[in-house]
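Bear in mind that the values in this text are calculations on the coordinates, not laboratory data. It should be emphasised that the depicted structure is a prediction, and the values quoted were computed from it without experimental measurement. Positions of Cβ are backbone-derived with ideal geometry, glycine not excepted, and every protein chain shown enters the neighbour counts.
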Amino acid sequence: MRSARSNPAFDHGAALRVPPANDTRSWHKLWAWLGEDAQAMTEAGAVQVCTPEGWAIAQAGDWIVLSVSGDFHVAHSGRVWDA
C-alpha cells in the first residue's frame with residue numbers, strides 16, 4: 001500500500017521567466033511582481049525566491065510560478081553544464 005503524499009498537489013497559476021542579466025526592462029517587471037518575496041544575488045541573472053520549502057535560486061531561463069494559493073515556486077529549465 002502506498003503512503004499519502006506529504007505535499008499537496010501543485011496548483012498552477014501565473015508564471016514569469018527569469019530574463020537574461022542584460023534585459024533591464026524584464027528585470028524591473030520581475031522585481032515588481034516578486035516584491036518582498038525575492039532577494040538579489042551577486043550572480044548576474046539570478047534571484048532568490050521565497051517558496052514554501054525555503055529560499056530557492058532561480059537563474060535566467062527558469063520559471064517562477066505564483067500558484068493560486070499565493071506561494072511562489074521555481075521551475076528550473078534544463079541546463080547543460082560544461083565539464
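The table for this structure:
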{"item": "Among 13-23, 31-41, the order from most to least packed when residues are scored by Cβ within 10 Å on average", "result": "13-23, 31-41"}
{"item": "Amide hydrogen neighbours beyond the local backbone of Thr51, cut-off 5 Å, H modeled", "result": "Ala56"}
